[in-house]
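The values are calculated or read from the model by the stated rules, or taken from the named source; none is laboratory data. Every value quoted in this text rests on a predicted model; they were computed, and no experiment measured them. Positions of Cβ are backbone-derived with ideal geometry, glycine not excepted, and every protein chain shown enters the neighbour counts. Calculation scope for accessible area: heavy atoms of the full protein, side chains included, ligands and nucleic acids excluded. Shrake-Rupley method; radii C 1.70, N 1.55, O 1.52, S 1.80 Å.
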Amino acid sequence: MLADLLIRNATVLTCAAPASGARGEALARLEVLHGASVAMSDGRITAIETEDDAAVVSSGETIDAEGRLVTPGFVDAHSHLLHGGSRAHELEARVTGALPALATGIAHTAAGTSAASDEQLVERALRDLDVMLLHGTTTLEAKTGYGFTREEELRLLRLTAGLRHAVDVVPTYLGAHVLPPQYAGRRDAFVELVIDTLAEAREHAEHCDVACDPGSFTRAECERIAEAAAGLGFQLHVHADQTGDADGARFAAQAGALSADHLDYASDAGVRALADSATVAVLLPGVTLHMLEMTPGLRDGSLVPPPKPFMPLVVRRLIDAGACVAVSCDYNPGSCPSPSMQLMIQLGARLFRLSTAEAWHMATINAAAALGLAADRGSLEPGKRADIVIWRVDDPAAVLDRFGVNLAAAVVKEGRVVARPEKTLPIMTGGAHA
Ligand code: NIG
Ligand code: FE
């Protein structure tokens, strides 16, 4: 068999699982092939073999991985990519105990976004995508939500859908993020506006998100939007129960959403409903870290308990109940300014007590399932898209362990090397290395 690109002499972590994602025992078990090769042709994986029985010959490039770890590219199933302005000032305020309200921060970003030109927003998004790719992300979901008018939301959606980058961008219309201040006291009018915008939004996106949260929209309001969205063929996502229990988890499962994200205050009934459904529970440990939700505060020389010390319990309940659980960044300027999926699995281990096997499945195949893409990507299996990361280390546990530096050596997108953070990785062109 001939391959356009052959990676040989690798430690291959397949993350193989059905398109419904890895749950239960499959989530807890890592499949690692030592001394293996991955062959790809026309952007797809054609064969994965252990070196002994490798019958694949490269007609293009061969990469000698020298024993390094090779994994699927990360799928990041939750971001607010397009935004203007900065909220760097918020961190010190939080650290010193002057917690700014989430809605205030989102309004700040909405103002910064509307002040930015199309070119500025796109340029910034492309640079962010460059950074994500260098850190191993090969598919990114990107939501609107920082436009406080119909026109601004549609502008953000159109610009997001128009992005061209090696990272695949999946645009999502999040008209119902928070109630814009000019609609205070007129909630129904705003819900109607979001519903009226759906048809035009559908021209640019197949995904629609609603925030079902005490700080955003009620279940009844979300249901109205979700029903209209389903009628237009949108796939649904739910920002669920981030700041309190709004029955968002149960709503997401019952509405057949692809994902329910955040879930900090998901009820027991919500956890059960998710476990019994195809809806993927998307965890966002970067938010937990950056919002200091598991960090004690200081007041008058005394420790103040952290607001969400219970997060590991929520996560374990979801996993134990058999839910399909994923991990993503929620990259945005307020609640998680980091776009690194490496950091997210490292935080998942430390804050949410994820095992190595859990973290890897959650950032790859299960995150792909959260976008309805797990039949196409998210694992290293013949037929799947050849989106691959070659690491500087040889052990899946080491990627979780060594936080704070970029551990990616090379990133392959659809069978082509598109980023090489480590220039010393030996790549031979035109060779015939079996
Ligand atoms: O973390 N309900 C919204 N929550 C957003 C906050 C984004 C921001 O702070 O700008 C989220 O997904
Ligand atoms: Fe979000």
Problem - Single match in ALA367, ALA357 (criterion: over 17 Å from the mean Cα position of the chain (by Cα), surrounded by 17 or more Cβ atoms within 10 Å (Cβ to Cβ) and within 29 Å of LEU292 (Cβ to Cβ)) - result: ALA357
Exercise for the section: Might you let me know whether segment 259-271 holds any residue that is within 25 Å of ALA189 (Cβ to Cβ), of a type in the set (Asp, Glu) and within 15 Å of ligand 2 (Cβ to nearest atom)? Expected result: no
Fill in the blank from the handout: Scanning segment 316-357 residue by residue, those over 19 Å from ARG94 (Cβ atoms), touching a residue at least 40 places away in the same chain (Cβ under 8 Å) and touching a Gly at 6+ places or on another chain (Cβ under 7 Å) turn out to be GLY322, CYS324, VAL327, MET341, GLN342, MET344
Practice task
Hand me the list of helices (runs of 4 or more DSSP H) wholly inside segment 268-344 holding 3 or more residues that are within 16 Å of the chain's Cα centre (by Cα).
Solution key: 285-290
Problem - Unmet requirement for MET132, which otherwise passes all of (1) more than 15 Å from THR197 (Cα to Cα); (2) within 16 Å of ligand 1 (Cβ to nearest atom) - result: (2)
Exercise for the section: Test ALA220 against the stated conditions and say whether it is of a type outside the set (Val, Ile, Thr), modelled with pLDDT of 95 or more and either within 18 Å of ARG150 (Cα to Cα) or in contact with an Asp or Glu (Cβ under 8 Å, 6 or more places away or on another chain) (or both). Expected result: no
Exercise for the section: Residue by residue through segment 196-244, note down the ones that are open to solvent by 60 Å² or more (accessible area, probe 1.4 Å) and part of a strand (DSSP E or B). Expected result: GLN235
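Here's the yes/no breakdown for (1) within 16 Å of ligand 2 (Cβ to nearest atom); (2) in contact with a helix residue (DSSP H, G or I) (Cβ under 9 Å, 6 or more places away or on another chain); (3) under 23 Å from ARG385 (Cβ atoms); (4) modelled with pLDDT of 95 or more:
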residue	(1), (2), (3), (4)
ALA55	no, no, yes, no
SER58	no, no, yes, no
LEU69	no, yes, yes, yes
ASP76	yes, yes, yes, yes
SER79	yes, yes, yes, yes
PRO100	no, yes, no, no
ALA111	no, no, no, yes
Completion exercise
When restricted to ALA269, ALA249, the only residue away from ligand 1 (no atom under 12 Å from the Cβ), open to solvent by less than 10 Å² (accessible area, probe 1.4 Å) and under 24 Å from ARG353 (Cα atoms) is ALA249
Handout entry: Residue selected from segment 138-161 under the condition away from ligand 2 (no atom under 16 Å from the Cβ) and under 18 Å from the mean Cα position of the chain (by Cα), by the criterion most open to solvent (accessible area, probe 1.4 Å)
Key = ALA161
Handout entry: For ALA28: the one exception among (1) touching a strand residue (DSSP E or B) at 6+ places or on another chain (Cβ under 8 Å); (2) closer than 24 Å to ALA375 by Cα; (3) not β-branched (Val, Ile, Thr)
Key = (1)
Exercise for the section: Could you tell me whether segment 306-314 includes any residue that is on the phi > 0 side of the Ramachandran plot, within 16 Å of ligand 1 (Cβ to nearest atom) and open to solvent by less than 60 Å² (accessible area, probe 1.4 Å)? Expected result: no
Problem - Residue, nearest to ligand 1 (Cβ to nearest atom), within segment 112-122, restricted to residues that are within 18 Å of PRO180 (Cβ to Cβ) and open to solvent by 10 Å² or more (accessible area, probe 1.4 Å) - result: GLY112
Problem - Wholly enclosed strands (runs of 3 or more DSSP E) of segment 42-111 bearing at least 1 residues surrounded by fewer than 24 Cβ atoms within 10 Å (Cβ to Cβ) - result: 44-50, 57-64, 69-72
Practice task
Just one of (1) away from ligand 1 (no atom under 16 Å from the Cβ); (2) on the phi < 0 side of the Ramachandran plot trips up SER86, so point out which.
Solution key: (1)
Exercise for the section: Tell me, please, whether a residue that is under 27 Å from ALA369 (Cβ atoms) and in contact (Cβ under 8 Å) with a residue 12 or more places away in the chain can be found in segment 109-125. Expected result: yes
Practice task
Under 6 Å between Cβ atoms, at least 6 apart or on separate chains: pull out the pairs that start in segment 377-389 with a residue that is closer than 18 Å to ALA22 by Cα and end on any residue that is among the acidic types (Asp, Glu) and buried (at least 24 other Cβ atoms within 10 Å of the Cβ).
Solution key: ARG377/ASP387
